[in-house]
Amino acid sequence: MVLKEYKDIDGIKVFHDDIATNHADYKAEGLDNLHKVEEQHFWFLARKDFITTQMKKVVSMSSKIIEIGAGTGNVSRCLKRAGFSNMAVGEMHLNGLRYAQSYGIDECYQFDLLRAPFKDEFDTICIFDVLEHIDEDKDALVSIHSMLKNNGHIVLTVPSHQWLWNRDDVLAGHKKRYTRADLVKLLKESGFEIIIARYFFISIVPLLLLRKLLGGFNIVPKKQKHIAGIWINPVLSK
């Protein structure tokens, strides 16, 4: 059910046109920068492959799905190619949704997650590395819960362990990192029943710790580039 009227701007359904491009949670220019590196940087490539593999295990291909905080729609494009044909994307910045359109995603919605314009609308809601940008994370999860149909599912990822907090978290606009126990508690308080909750990419934790230590001493190779709040090391990029 759609709760609010929207404007149609170049095929994008716009619910909240008052969102600033320099929004405190994430700036629109970050999406332009992400678009430049998402198909080269190892993290984005490995992450979307992992997400797609996990989604195939728990979500029906015929599900009505929306990825919220979808950025450029890069992950949704991967999911669509994998056979999830009923894909939509939600994002607060129009430039990200225009990239999503260029990837062949037709259902594009611009809105503020904390002012959800839908109710009982989707079978599955995906939110990948978005929750950590939002101060009101519980409000965001309650909002997502309201947008799901009965017996609907949320699939989400977040950065783990506050002890891994580093300069990149600050640059990316993160508000926090989560433990599994923290996230499970938060989800239950927001009305969800947990099916699967686990850590992934555990093997790279030593590298993340090294990044934290180097960042703490402000040691940055001269050839490293800063793009969208991420330090891009050419040795680790495709």
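The values are calculated or read from the model by the stated rules, or taken from the named source; none is laboratory data. As the structure is a prediction and not an experimental result, all values here were calculated from the model. Backbone-built Cβ (ideal geometry, glycine too); neighbour counts: all protein chains shown. Please note that ligands, DNA and RNA were not included when accessible areas were found on the heavy atoms of the full protein model with its side chains. Shrake-Rupley method; radii C 1.70, N 1.55, O 1.52, S 1.80 Å.
Here are some notes:
- For Lys7, the solvent-accessible surface with a 1.4 Å probe is about 110 Å², rounded to the nearest 10.
- For region 52-64, backbone phi angles converted through the Karplus equation (6.51, -1.76, 1.60; θ = phi - 60°) give residue-by-residue couplings of 4, 4, 5, 4, 4, 7, 10, 10, 5, 4, 8, 4, 7 Hz, Gly and Pro being listed as x.
- Centre-to-centre separation between the Cα atoms of region 171-193 and those of region 89-147: 17 Å.
- Solvent accessible area, Å² - Asp49, 1.4 Å probe, full protein context: 90 Å²
- When the surface is traced with a 1.4 Å probe over the full set of protein chains, His93 keeps roughly 10 Å² accessible.
- Applying a DSSP loop filter and a limit of 10 other Cβ atoms within 10 Å to the chymotrypsin sites (Phe, Trp or Tyr not before Pro) in region 87-154 leaves nothing.
- Each 10 Å bin from zero up to the one holding the largest Cα-Cα distance in region 1-154 carries the following percent of pairs: 11, 43, 39, 7.
- Accessible surface, per residue, of region 31-126 when the full set of protein chains is kept, probe 1.4 Å, Å²: 38 Å²
- For region 6-93, the Kirkwood hydrodynamic radius comes to 14.4 Å, computed from all pairs of different C-alpha atoms.
- Distance between the 7 Å Cα→Cβ label points at Arg167 and Ser146: 4.1 nm.
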